[in-house]
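The values are calculated or read from the model by the stated rules, or taken from the named source; none is laboratory data. Please read all numbers here as calculations on a predicted model, not as lab measurements. So basically every Cβ, Gly included, is an ideal-geometry build from the backbone, and we count neighbours across all protein chains shown.
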Amino acid sequence: MVCVVVCSRAAVAKKISWYCALFLGVMLVLSCCESLSSENEYRVRTIQLQVDRLNMPCDEIYVVHEGETLQTISEKCADPYIVEENPHIHDPDDVFPGLVIKITPFKLR
């Protein structure tokens, strides 16, 4: 009778240890899947930001180049309100290379 009780306790302990090992294995696999998912989300977001950056024709701060006018910059950067947003521009016809202006594309408003 002593052997039966000892053997059954050992069998129960062995089963419990197997269940614990199985549980830990499942948790490990799930944590790997979660990290891969978040890594994929990071990659997708990075690619989306790069695409958005390519679609945006002008930076928020724009430096005027030779031969440009406020009209051409406005069309290029999709900002029809350049004069209103840049109080340092007193005369729209007096635009020169190197002038720094603030651009807010119309689609971002």
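Structural remarks
- In the stretch 39-71, residue surrounded by the fewest Cβ atoms within 10 Å (Cβ to Cβ) [restricted to those that are at pLDDT 90 or above and assigned to a helix (DSSP H, G or I)]: Q71
- Pairs with Cβ under 6 Å, 6+ apart, first in the stretch 79-98 and closer than 14 Å to C58 by Cβ, second in a loop (DSSP other than H, G, I, E, B) and not polar (S, T, N, Q): D79/I103; D79/P105
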